[in-house]
Amino acid sequence: MVRLSLVLVVGLLASACDDLDEYRATGGTDGVFRGVVIGGDSDLPGGGSFIRRGFPPGTELTLTFDPELASAPGAPPGTLTTNDVCMSLPSFHLTPLEPIAPLSHDLLSQYEFPGGGRVRNYLFAAHARSGCLSGRDAMVFLSLMDDGAIEARIVVGAGDETRGDRFGVFVTTRQSP
């Protein structure tokens with residue numbers, strides 16, 4: 001009886017652990033996650049919508065991500081690349097996702113977006129090195145979805161007239177190499 005109880009407890013604990021391997025996409029044989037910014041044109045300044053501002057319609061995000069590295073010090077857990085072109089360069093090109101270490105001590109690290117289907121949420125910084133966002137920092141919110149997709153929200157604060165703010169929601173899916 002004790003042995004059966006022990007087996008049941010171990011089984012329950014093992015099933016309670018998150019298996020995030022399906023979200024690992026580090027390029028190469030792991031592939032990448034890719035998706036287009038959502039939201040159409042509207043009457044908002046800049047032609048955006050409340051869920052897309054600053055990113056042109058059709059902007060594609062390519063994301064590499066390894067959940068095991070998301071909270072580990074050292075190597076970045078992934079990169080962002082967009083195909084929007086401004087000043088002849090994309091806003092993000094293999095831009096590393098940078099964990100924000102102090103978040104582990106703050107309630108913000110436990111943020112949740114409304115709506116179901118989210119397995120886990122992450123918050124990163126990304127320093128744009130090219131295009132209109134060159135030298136600016138973005139906040140990147142990643143949500144691992146229970147259907148295997150990764151939802152990415154990219155937020156960049158206000159700039160000047162040519163380097164304005166950005167907000168985009170991208171629903172990405174795994175793409176094979």
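No value in this document is a laboratory result; all are computed from the given coordinates. The structure displayed is predicted, hence computed values, not measured ones. Quick reminder, even Gly has a Cβ in these numbers, built from the backbone with ideal geometry, and neighbours come from all protein chains shown.
Below, the figures for the structure above:
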{"read-out": "Spacing of the two label points (7 Å from each Cα toward its C-beta) at Met139 and Arg118, in nm", "value": "1.3"}
{"read-out": "Distance (nanometres) between label positions extended 7 Å along Cα→Cβ at Glu60 and Asn83", "value": "0.3"}
{"read-out": "Per-pair calculated FRET efficiency, R0 = 22 Å: Asp146 and Ile38 via Cβ, rounded to 0.05", "value": "0.75"}
{"read-out": "Residues Ser71, Ser91, Ser130 arranged by fewest to most Cβ contacts within 10 Å", "value": "Ser71, Ser130, Ser91"}
{"read-out": "Spacing of the two label points (7 Å from each Cα toward its C-beta) at Ile100 and Ser176, in nm", "value": "3.8"}
